[in-house]
Every structure is written in C-alpha cells, then in structure tokens.
Amino acid sequence: MAGVIVITGGSRGIGAACAKLAAEAGYDVCLNYRSNAKAADGMVSQIAADGGRAKAVAGDVGDNDDVIALFKAADEMGQVKGLINNAGILDVRARVDEMPPERLERIMRVNILGSFFCAREAVRRMSTAKGGEGGAIVNLSSAAARLGAASQYVDYAASKGAIDTFTRGLALEVAGEGIRVNGVRPGIIDTDIHASGGEPDRARELRDIVPVKREGTAEEVAQAVLWLMSGKASYVTGATLDVTGGR
Ligand code: NAP
C-alpha cells in the first residue's frame, strides 16, 4: 500500500530510522522537522541515494498552521496513505512542584496537540468516508506512560499516557473508514532525545535496569512501526506495542 507517508520529526533518531525503512517499503516520504535543516536534508539525500523519494518540510507540529502547511506539502507528492506521529520532546529532570507553566504548555502542545493536529489532517485525506483510499497511523508513545517517570519528567510521561488513550479512541473512531491506528511504546533507545533532557549518556547508563541488559536502537523501534504501518498488520488496530527489551 505505497503512497505518501508523513513522518513528523523524521530527520533524526527514531523518525529518521522510520523514514529510511518507509522509503525501502516503497513509500514517498514527506519528513517533517523543527529547525535542524542540515539533518533533514541529509536524510532526504540518503533516501534519494538509495533510490527512494523524499522531501523535508520544516514546521512545529504544535502549531496548527505549520501542520496544515506540512500536509499541503505532502499533497504535492501524491495521495497521503500514512502518518507516523513521531515528533516528541522532553525537558530536563524536575519534580512536578517545580515545573513552570511554560514548560507544561510546551510539552503538552508538541506531544499531544501535535499528534491530534497531524492525525486530523491525515484522517481528512485517508478516510474512505471522505473520499480517501484508507491508510494507517502509528503514534509514538513511551514506556514512561506506564512507569510515570517520577522525579524525572512526569509531564512527558503523562503526555504519552494521553497518546495511548488517543490511539485507542481514534482507532475505534475510524476503524470502519479504512484507517488503522496503532501505537508503539519505546523503552530506553539510543537517540539524541536524552541530550535534550540534559543527560546525553542516559541510554548507556540505564542499560542494566533493562531486562535484556541493553538499550534499544532507533532501527529496532522503526521495524515495529513499519510492521504496524504495513499490510502484514492488516487486522491490528487500536493496539500499542511495547518495544522496551522487557522493561
Ligand atoms: P530525537 O532524537 O530527539 O529526534 C527528535 C526529532 O523530532 C527531530 O527530527 C526534531 O527535529 C523533531 N522535532 C522536535 N520537536 C519538534 C516539533 N515541535 N515539531 C516538529 N518536529 C520536532 O527523538 P527520538 O528519541 O527519536 O524520539 C522520537 C519519539 O519517540 C518521540 O515521540 C519520543 O517521545 C519517543 N520515545 C523516545 C524514546 C527514546 O529513548 N529515545 C523512548 C520512548 C519514546 P529537529 O532536528 O529539527 O530538532
């Protein structure tokens, strides 16, 4: 079921690994990023060098107008058939009673509203009830949604708890319209997100608390995401898969 796939935060980390696998699966990849144009252009060049088709579009998923522009750019590539709601952020370690309102607003806006805005645009294009051809959506959650991330980032964990509920609710809402919606809950994965939380070595430092005794790779998460996107998961909807090494 090739076509255009929109991947938010597709320039680095898990999103970039998804972009690579999506192109290999035959999708035309519309990859979004926020500000690092160099990384995004690098992904587009890598996909093109491997024989795929990709385009990078800058925009903040927490900004409704940016999301509308992102999907207009995707439309120029062809029929949108998939969305990976991957862009997500966290902040430095803090207790809830220390979190300023601006931080809370930013985390909830990007992680929750961003996923809603993008899903809305995807459903408008893919729903068979609206003239679309169907498709699939995968939302990136986190093991933190189950664990709570106490004294680290409960705000982030709670935003991912919202994503788990969003996955379930949206899946049921569009199940009869040719769209499957699933989630993936990564555990401790070796990407730059930990540096953005002030702990660049977090994945390596925590590997001993993971039952399989190592951190995961972005590609290991992307393989699960692309399976859920694919026709091989044709009877799977409303599910969220843990990719956590048992954690
Ligand atoms: P990452 O390495 O920090 O990459 C972030 C990507 O998202 C970049 O492409 C970045 O673009 C983009 N981005 C950030 N804010 C954005 C915004 N407001 N609008 C659009 N794009 C934005 O992240 P990651 O570790 O791959 O995480 C990907 C997803 O997996 C997130 O939802 C995260 O919560 C989830 N997750 C990760 C882990 C983990 O251990 N890594 C664990 C559980 C869940 P720029 O390069 O332009 O900044």
(request) In whole Hz, with x marking every Gly and Pro, tabulate ³J(HN,Hα) for the range 96-109 from phi via Karplus 6.51 cos²θ - 1.76 cosθ + 1.60, θ = phi - 60°. (result) 4, 6, 10, 7, x, x, 5, 5, 4, 4, 5, 4, 5, 5
(request) Would you kindly calculate the mean projected area, averaged across all directions, of the convex hull enclosing the Cα atoms of the chain, in square nanometres? (result) 12.3
(message) I need the fraction of alpha carbon pairs in the range 133-247 separated by more than 17 Å, rounded to a whole percent.
(response) 57
(request) Averaging sequence separations of C-alpha pairs under 8 Å and six or more residues apart, then dividing by the length of the range 3-243, give the relative contact order as a whole percent. (result) 19
(message) Explain nothing, just compute: Karplus ³J(HN,Hα) = 6.51 cos²θ - 1.76 cosθ + 1.60, θ = phi - 60°, for every residue of the range 227-241 in order, whole Hz, x for Gly and Pro.
(response) 5, 5, 5, 7, x, 5, 9, 4, 10, 10, 8, x, 9, 10, 9
(request) Quick one: accessible surface of TYR156, probe radius 1.4 Å, all protein chains present, in square angstrom to the nearest 10. (result) 20
(request) Give me the distance between the Cα centres of the range 8-74 and the range 75-94, rounded to whole Å. (result) 9
(message) With n ≥ 4 as the cut-off for DSSP H runs, can you work out [θ] at 222 nm for the chain, using -39500 (n - 2.57) per run divided by the number of residues, rounded to the nearest 500?
(response) -12500 deg cm²/dmol
(request) Name the long-range amide H neighbours of ALA239: under 5 Å, sequence gap of 5 or more, or other chain; modelled H, no Pro or chain starts. (result) GLY183
(request) Any lysines with Cα under 27 Å of the LYS55 Cα? List them, leaving off those in the same chain fewer than 8 positions away. (result) LYS20, LYS38, LYS72, LYS81, LYS130, LYS232
(request) Work out from phi, with θ = phi - 60° and the Karplus expression 6.51 cos²θ - 1.76 cosθ + 1.60, the ³J(HN,Hα) of each residue of the range 52-63, listed in order in whole Hz, and give x for Gly and Pro. (result) x, 10, 8, 9, 9, 10, 6, x, 8, 5, x, 10
(message) Given Cβ point charges of +1 (Lys, Arg) and -1 (Asp, Glu) and nothing else, what value in debye, to the nearest 20, does the dipole of the range 3-243 about its Cα centre take?
(response) 420
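The values are calculated or read from the model by the stated rules, or taken from the named source; none is laboratory data. None of the values given here were measured: they were computed from a predicted structure. We place every Cβ from the backbone using ideal geometry, glycine too, and count neighbours over all the protein chains shown. Accessible surface areas use protein heavy atoms only, side chains included; no ligands, DNA or RNA. Shrake-Rupley method; radii C 1.70, N 1.55, O 1.52, S 1.80 Å.
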